[in-house]
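Inspection log for the structure reproduced underneath, given as structure tokens.
The values are calculated or read from the model by the stated rules, or taken from the named source; none is laboratory data. Keep in mind that what you see is a predicted model, and the values were worked out from it rather than measured. Ideal geometry is used to build each Cβ from the backbone, glycine not excepted, and the neighbour counts take in all protein chains shown. Areas reflect the complete protein model, heavy atoms only, side chains present, ligands, DNA and RNA absent. Shrake-Rupley method; radii C 1.70, N 1.55, O 1.52, S 1.80 Å.
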Amino acid sequence: MTVAAVVLAETTGDALRPAGGVSAARQVADTAWAGGALPIVVVAPDPEGALAASLAGSEADVISPSDERLPPGAEHGQGTARDGHPLLRGARSAFARVGETTAVLAWPVQMAWVDAATVTALLEAHAAAPDTLIRPTWKGTLGWPVLVPLTLLLDRPDLAALPHPAALLDALERRGARVRTLDLGDPGVALSTDTARAALPPFEGPDQPVTGHPPDWGADVARVAPER
């Protein structure tokens with residue numbers, strides 16, 4: 001299974017906002033890559049090329065929200081690049097780049113403090129439940145990025161008019177998508193770049209494996225060990 005990251009920025013300024021010494025888009029792209037996401041698509045306006053320059057040397061590609069020229073095959077499913085929601089456009093672009101893509105991380109660019117371990121945990125959870133929408137939480141607060149299976153997104157032209165990724169996710173839930181929330185102990189899923197990185201609460205990590213409790217191998221051995 002391959003999970004892409006679709007990084008969403010409404011403006012060039014949002015994408016270029018400083019975060020950890022680089023642009024927010026670069027910070028997210030590097031974290032997504034470190035956590036195992038591929039491909040990485042940044043959907044944002046970039047009229048002067050400054051965003052692409054900030055991503056040079058990373059694994060991320062930029063597509064414009066109004067750019068009709070997606071890679072060959074990116075028109076997968078109904079709708080066109082012209083009328084698609086940015087998340088849908090990013091998902092089509094990711095699928096065109098890597099045909100084995102099975103899900104995308106819907107990732108608002110301002111959520112730049114997510115830990116790479118959280119990305120890895122979301123990918124592991126997807127492998128265990130491929131058709132489930134998976135959302136991280138922190139202390140009861142719903143967070144980002146949200147892992148969305150492509151089966152919920154592609155061939156759904158009715159979703160294209162929804163203005164914001166949160167509205168699109170709400171619509172998927174109302175239409176019966178299976179949803180799982182995971183508290184991964186990561187404040188970065190809930191706190192945006194409005195919070196200084198140095199002011200973040202500590203990363204704690206999940207209190208148990210995201211794919212469920214590991215087997216109690218010691219107990220198994222005790223059951224089968226011959227009596228002395």
Exercise. Only one of these conditions is not met by Arg97: (1) open to solvent by less than 50 Å² (accessible area, probe 1.4 Å); (2) under 13 Å from Pro39 (Cα atoms). Which number is it?
Worked result: (1)
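Go through Ala9, Ala34, Ala5, Ala56 for me and flag whichever is surrounded by fewer than 16 Cβ atoms within 10 Å (Cβ to Cβ) and under 14 Å from the mean Cα position of the chain (by Cα).
On inspection, the qualifying residue turns out to be Ala34.
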Exercise. Could you give every pair whose Cβ atoms fall below 9 Å, whose first residue belongs to region 120-136 and is in contact (Cβ under 8 Å) with a residue 60 or more places away in the chain, and whose second residue is open to solvent by less than 30 Å² (accessible area, probe 1.4 Å) and of a type in the set (Ser, Thr, Tyr), counting only separations of at least 6 or pairs across chains?
Worked result: Ala125/Thr132; His126/Thr132
For this session: Quickly run through region 99-149 and pick out the residues that are over 25 Å from Arg175 (Cα atoms), in contact with a Ser or Thr (Cβ under 9 Å, 6 or more places away or on another chain) and among the polar types (S, T, N, Q).
Result: Gln110, Thr118
For this session: Filter region 93-119 for residues that are under 25 Å from Ala44 (Cβ atoms) and assigned to a helix (DSSP H, G or I) and give the result.
Result: Ser93, Ala94, Phe95, Ala96, Arg97, Ala116, Thr118, Val119
For this session: Residue by residue through region 12-31, note down the ones that are open to solvent by 30 Å² or more (accessible area, probe 1.4 Å) and either in a helix (DSSP H, G or I) or closer than 26 Å to Ala127 by Cα (or both).
Result: Thr12, Gly13, Asp14, Leu16, Arg26, Asp30
For this session: Provide a single number: the residues in region 122-154 that are assigned to a helix (DSSP H, G or I), hydrophobic (A, V, I, L, M, F, W, C) and crowded, with 18+ Cβ neighbours inside 10 Å.
Result: 5
Exercise. Does Ala198 count as modelled with pLDDT under 80 and among the small types (Gly, Ala, Ser)?
Worked result: no
